[in-house]
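A short write-up of the structure that comes next.
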Amino acid sequence: MSSVEKALVIRHREVVPDYYELEFIAPEIALEVLPGQFVNIRISDSLDPLLRRPFSVYDVDKKLGSITVFYKVVGKGTKLLSQMPIQKPLDVMGPLGRSFSIPTEADQVFLVGGGVGIAPLVYLSRVLSSEGIKTKVLMGASTAGFLAGKSMFEKFGVPFLVSTDDGSEGLKGRVTQLLAEQLLIDKCDYIFACGPESMLETVTELAMEQNIKGEISLEGHMACGVGACLGCAHLVKTGEGQRYAKICSEGPVFKIGEVLFHSQDER
Ligand SMILES: Cc1cc2nc3c(=O)[nH]c(=O)nc-3n(C[C@H](O)[C@H](O)[C@H](O)COP(=O)(O)OP(=O)(O)OC[C@H]3O[C@@H](n4cnc5c(N)ncnc54)[C@H](O)[C@@H]3O)c2cc1C
Ligand code: FES
């Protein structure tokens with residue numbers, strides 16, 4: 001069950017330019033949250049910005065009762081959030097949304113993250129590893145300096161490979177090229193992915209071509225965050241056709257093959 005907590009900010013730092021890690025104490029949310037779920041943070045005490053902003057849970061310390069989110073500054077809300085001082089109370093709602101499932105039958109899973117889409121895959125990697133499921137992370141960024149989640153996988157001992165658009169580290173190209181390459185040389189029973197929609201569409205195509213099951217997490221626009229406004233509606237396939245699903249309550253995690261992407265919508 002989700003709750004609203006007056007959390008206390010205990011750590012807040014810019015990891016690389018415009019990318020921040022924010023840790024806050026929120027024991028009730030920390031106790032319940034599962035990988036893939038998100039929190040909705042009220043950015044300001046004033047009415048501007050009015051709406052809370054959603055962020056995936058990047059890591060959890062259940063003993064300490066803390067949650068860490070990893071975010072990129074893209075607009076007004078995240079700019080204001082980046083100025084949030086330590087020891088400041090923060091209004092946080094969560095845990096929200098559908099979590100990733102844990103494929104206990106799988107021998108090896110791939111986690112594919114593009115840009116800030118790596119955020120929900122860090123906590124997931126830790127849970128999968130603790131379940132004894134072999135996990136390989138494939139992460140992509142525009143340039144080496146933005147491969148911010150790397151230190152977390154190093155800390156947890158989760159193997160990872162990287163790609164960068166400019167070739168400054170790892171494979172030169174998209175993370176989906178890295179995935180295609182790895183699918184040729186290594187066993188993979190299940191894929192989890194989060195990142196831009198174009199990336200998720202290619203991941204879906206690659207997985208379906210090879211009959212590999214998996215789940216993707218959408219990070220589309222959101223308003224109320226609790227299923228009340230339809231502000232986050234996204235087309236999904238049904239047996240008979242298509243319908244709108246609410247990312248905030250029916251997602252953000254969907255099965256591979258379930259989501260209808262914009263380009264498919266236009267076909
Ligand atoms: C379930 C979920 C989990 C998320 N997890 C994370 C996370 O872990 N880390 C993180 O950095 N971000 C995450 N996001 C995205 C984050 O919520 C937005 O970046 C944030 O709300 C933007 O607020 P803002 O006020 O700074 O930007 P705004 O001023 O609202 O918008 C600035 C610009 O960014 C665009 N924009 C805003 N929101 C989104 C979005 N969701 N997708 C694409 N473009 C957007 C706007 O169109 C505009 O061009 C998540 C979103 C969802 C729905
Ligand atoms: S954001 Fe309001 S229904 Fe999802």
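The values are calculated or read from the model by the stated rules, or taken from the named source; none is laboratory data. This one's a predicted model, so the numbers in the text were calculated from it and none came from an experiment. With ideal geometry, Cβ positions are generated from the backbone for all residues, glycine too; neighbour counts draw on all protein chains shown.
Restricting Ser66, Ser3, Ser56, Ser44 to residues that are in contact with a helix residue (DSSP H, G or I) (Cβ under 9 Å, 6 or more places away or on another chain) and more than 29 Å from Ile216 (Cα to Cα) narrows the list to Ser44.
The residue pairs whose first member lies in the stretch 215-236 and is closer than 20 Å to Gly114 by Cβ and of a type in the set (A, V, I, L, M), whose second member is more than 8 Å from ligand 1 (Cβ to nearest atom) and assigned to a loop (DSSP other than H, G, I, E, B), and whose beta carbons are closer than 7 Å, counting only pairs six or more residues apart or on different chains, are Ile216/Ile256; Met222/Gly231.
Evaluating Ser56 against the criteria (1) surrounded by fewer than 19 Cβ atoms within 10 Å (Cβ to Cβ); (2) within 16 Å of ligand 2 (Cβ to nearest atom); (3) not charged (D, E, K, R) leaves one unmet condition, (1).
Candidates are the residues of the stretch 55-90 that are aliphatic (A, V, I, L, M) and not in a loop (DSSP other than H, G, I, E, B); the one that is nearest to the chain's Cα centre (by Cα) is Val69. Would you confirm, using the coordinates I've provided, whether Ser163 is polar (S, T, N, Q), touching a Gly at 6+ places or on another chain (Cβ under 6 Å) and more than 16 Å from ligand 2 (Cβ to nearest atom)? Yes. If you filter the stretch 236-260 down to residues that are farther than 17 Å from Ala193 by Cβ, within 16 Å of ligand 1 (Cβ to nearest atom) and not polar (S, T, N, Q), you find that the one that is nearest to the chain's Cα centre (by Cα) is Cys248.
Anything in the stretch 134-167 that is within 20 Å of the chain's Cα centre (by Cα), of a type in the set (Gly, Ala, Ser) and in a loop (DSSP other than H, G, I, E, B)? List them, or say none. If the condition is that a residue be within 20 Å of the chain's Cα centre (by Cα), of a type in the set (Gly, Ala, Ser) and in a loop (DSSP other than H, G, I, E, B), then Ser142, Ala148, Gly149, Gly157 are the ones that fit.
The stretch 168-267 holds helices (runs of 4 or more DSSP H) entirely within its bounds, and those carrying 3 or more residues that are buried (at least 17 other Cβ atoms within 10 Å of the Cβ), within 16 Å of ligand 2 (Cβ to nearest atom) and not assigned by TED's automatic domain parsing to the domain that holds Phe70 map to 247-250.
The strands (runs of 3 or more DSSP E) falling completely within the stretch 1-52 that include 2 or more residues that are more than 17 Å from the chain's Cα centre (by Cα) map to 3-16, 19-25.
Restrict the check to the stretch 115-130 and report whether at least one residue is surrounded by 17 or more Cβ atoms within 10 Å (Cβ to Cβ) and assigned to a loop (DSSP other than H, G, I, E, B). No: zero hits.
Yes/no per residue for (1) of a type in the set (Lys, Arg); (2) more than 16 Å from ligand 2 (Cβ to nearest atom); (3) crowded, with 22+ Cβ neighbours inside 10 Å:
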site: Leu47; (1), (2), (3): no, yes, no
site: Lys76; (1), (2), (3): yes, yes, no
site: Leu80; (1), (2), (3): no, yes, no
site: Val137; (1), (2), (3): no, yes, yes
site: Gly149; (1), (2), (3): no, yes, yes
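The set of residues from the stretch 82-108 being of a type in the set (S, T, N, Q) and within 16 Å of Gly251 (Cβ to Cβ) comprises Ser99, Ser101.
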